1. In the range 51-83, which residue that is of a type in the set (Gly, Ala, Ser) and over 20 Å from Glu255 (Cβ atoms) is least open to solvent (accessible area, probe 1.4 Å)?
2. Just checking, which of Arg325, Arg361, Arg381 is open to solvent by less than 10 Å² (accessible area, probe 1.4 Å), basic (Lys, Arg) and at pLDDT 95 or above?
3. Name the one entry in Val117, Val102, Val171, Val200 that is more than 22 Å from Ala246 (Cα to Cα) and among the β-branched types (Val, Ile, Thr).
4. Could you say which residue among Gln209, Gln214 is in contact (Cβ under 8 Å) with a residue 60 or more places away in the chain, surrounded by fewer than 20 Cβ atoms within 10 Å (Cβ to Cβ) and in a loop (DSSP other than H, G, I, E, B)?
5. I want to confirm something. Restricting to the range 129-143 and keeping residues that are farther than 22 Å from Gln251 by Cβ and of a type in the set (A, V, I, L, M, F, W, C), which single residue is nearest to the ligand (Cβ to nearest atom)?
6. Of all the residues that make up the range 82-125, how many are within 16 Å of the ligand (Cβ to nearest atom) and not charged (D, E, K, R)?
7. Among the residues of the range 96-107, write down those that are open to solvent by less than 10 Å² (accessible area, probe 1.4 Å) and hydroxyl-bearing (Ser, Thr, Tyr).
8. Could you pull out every one of the helices (runs of 4 or more DSSP H) wholly within the range 227-320 that has 1 or more residues that are within 16 Å of the ligand (Cβ to nearest atom) and either of a type in the set (Val, Ile, Thr) or modelled with pLDDT under 95 (or both)?
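The values are calculated or read from the model by the stated rules, or taken from the named source; none is laboratory data. Here the structure is a predicted model, which is why all the values come from computation and not from measurement. Note that each Cβ is placed from the backbone with ideal geometry, even for glycine, and that neighbours are counted across all protein chains shown. Side chains included, ligands, DNA and RNA excluded: accessible areas come from the protein's heavy atoms. Shrake-Rupley method; radii C 1.70, N 1.55, O 1.52, S 1.80 Å.
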Amino acid sequence: QAPYDVLALRQDFPILDRKVHGKPLVYLDNAATSQTPRQVIDVFSDYYSRCNANIHRGLHTLADEATAAFEGTRHKVRAFLNAEDARQIIFTRGTTEAINLVAQTWGRTHLGAGDEVLISLLEHHSNIVPWQLLAAERGFTIKVIPVDDSGALDMQAYRELLNERTRLVAVNHVSNALGTINPVKEMAALAHQQGALILVDGAQATPHQAVDVQAIDADFYAFSGHKVYGPTGVGVLYGKKALLEAMPPWQGGGEMIKTVSFDAGTTFAGIPHKFEAGTPAIAEVIALGRALEWLEEVGVGAIGQWEHVLLEHATHAVSSIDGLRILGTAPDKAGVLSFVVDGAHSQDIGLLIDQLGVAIRTGHHCAQPLLHHFGVDATCRASFAAYNTLDEVDTFVDALNRVIGMVR
Ligand code: PMP
């Protein structure tokens, strides 16, 4: 039994009515991007039909309205993450850009030879590569927290890896490849005991559970609009105020300055504008605000609960398939089902199941080190969202059985 009316909720999503190869679309690639409700899509036509203007600088009505709507989202995000102050919310292009911002500002000024950054084996490439790029320049060391066979972080190893050289722990809240939910609150407390900061990549957590950055005591927290039923091209970096205030700017340009002079040099705006150079994705930010409202109307906790039902149902159904191995069996898991099948390439399964209207993801899920650890190059991944139904899970499992029969 769903905690809300799933069929009614589906009416919000025009794309769910479309057919793929003549079959009704069963969209199970939600960890890559979630679909967008009409309420969010409508923001774009409303914005461009009524109040398209550049923000912050204008004194005219359109600019005022656009600025108010844009800044309105900042307040909604503050509430969404339970940050203390809206100025701690910085708009970025997404999680990737948020992490790069921290690496290039805080990281560049605080990390050097002899320092250690701890990341986990579960990380998305976007929480690996920015640190590798910086480490090559600054000479610090990256250490990796291992996982156990279930795909849960090895907390004992984490405790042992933490030491007085650790400056930063950068981990995801939920793994996109396996669905593992990491104990980030406990990890933050342990990091802080060692005087290290913690950056949490919340790209996969924010769509599925309420997040409280103060309760976690995260120093930085990042997420992407397009995974919380919002648009692409926008994301968020939250940071503790003292850290953000002390960090140098990253990109230079308009909006992020106080004064610019050839003689006296440039002074910078305060947070958050110091980190928001240039014209931002105005419509996208406003639409993100609407997406967060939509998410709260449904209830992110209820969504997570329903996805769990879908996950259990799917896990149970596929476990009888001969030669199918699920990767990621940690007890604390979000709605992600990653698997490989003996004698069937993931790529072939993905292509053939698409012919039956079912969209899943196949590949390395931008987590190559993790997949290599499990001895595979690719998995198939079905991931669930608010609008998925038990019938869709059944359609997926039937289709999977057919496809496996074809390729074996
Ligand atoms: N981290 C995780 C855990 C993700 O799942 C993703 C997106 N797949 C990202 C980071 C990167 O997000 P984006 O591409 O929106 O910047």
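1. Taking the candidates together, the pick is Ala83.
2. Numbers: Arg325 fails: open to solvent by less than 10 Å² (accessible area, probe 1.4 Å); Arg361 fails: open to solvent by less than 10 Å² (accessible area, probe 1.4 Å).
None of the other options fit; the residue is Arg381.
3. Val171
4. The conditions single out Gln209.
5. Once the filter is applied, the top-ranked residue is Ile142.
6. So the answer is 19.
7. Result: Thr105, single match.
8. Details: elements: 241-246, 282-298, 300-318.
The qualifying helices (runs of 4 or more DSSP H) are 282-298.
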